[in-house]
Every structure is written in C-alpha cells, then in structure tokens.
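Everything below concerns the one structure shown next.
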Amino acid sequence: MSAQTIKISGPVVVCDHAEQFAMGDRVAVGNAGLVGEVIRLTPMECFIQVYEDTTELLIGEPVTGSGSALAVELGPGLLTTIYDGIQRPLQLIQQQQGTFITKGAEAPALNRDQAWPFEPSQQKGALLGG
C-alpha cells in the first residue's frame, strides 16, 4: 500500500495512509522526490511540510517515507561549506547542475573523500569527566 498526495496547499501536502508514517519522519514527496517532514498525523491523513517548491506537484503523486527523522549530518568540513535549509551543499550542487537547484536535488552534506587529521588528546582507556 503506497501513500499518495490528496491535498496540496502551498508548502503543506496531505497524503493518505497515515499509518505508514510517524511524527518527524523525513519523506520524499512526488515524482521529483521533494524533501518533506511529517508535521501532523490523523487516523486517515498525514500532513507534510515540504521544504522545496511544490508548484508542479500534482494530486495522486507518491509519498515515500525514509523510516528516519529529518536530521542533519555532523562532522569535519561542516564549517567550511555553505548549505541551504535542508543541508544541501550549495557549491557542490552548483558544480553539478548550474546556478539553479533542481527539485529533489541531492548531494552528500560532507565530503567523503577528504581526509581530516586527528590527534587524540587522551590515551586509550583514560578516565574522562564532564
């Protein structure tokens, strides 16, 4: 049983089959895979805040849950990158697609190929405190 959009009101989308989702779930909305978050559940409907432009979204398009909450990734390189509101690295996306971000665009938030130096300040097994 797959969920599909039944109402669209600006950035808020409502889908059926609410039992498939949980509050805070990250979802992909529509054929473009727009990033959204479950913000309200009723027995029959799931309300989703979509964080991308919903202009061309149509009633009946699929809604797919990721099984995890909307979250950001933390790690080295975070402070040297410019992101949009859903942690897409803007410089990387510009290199891949040009000046405008296409709907549903995805790119890893952190550079997986970059090596970061690490020198521990404590020895293995050391007793640590707050």
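For this structure, a couple of remarks:
- Solvent-accessible area per residue for the chain (1.4 angstrom probe, square angstrom): 67
- Once the gyration tensor of the Cα atoms in segment 38-90 is diagonalised, the equivalent ellipsoid follows with semi-axes of 28, 15, 9 Å, ordered largest first.
- Point-to-point label distance, Lys7-Leu41, nm (Cα→Cβ direction, 7 Å offset): 1.8
- Using distinct alpha-carbon pairs, which all enter the 1/r mean, Kirkwood radius of the chain in Å: 16.9
The values are calculated or read from the model by the stated rules, or taken from the named source; none is laboratory data. Model, not experiment: these values are computed from the prediction. Positions of Cβ are backbone-derived with ideal geometry, glycine not excepted, and every protein chain shown enters the neighbour counts. Accessible surface is based on the protein model in full, side chains and every heavy atom, while ligands, DNA and RNA are left aside. Shrake-Rupley method; radii C 1.70, N 1.55, O 1.52, S 1.80 Å.
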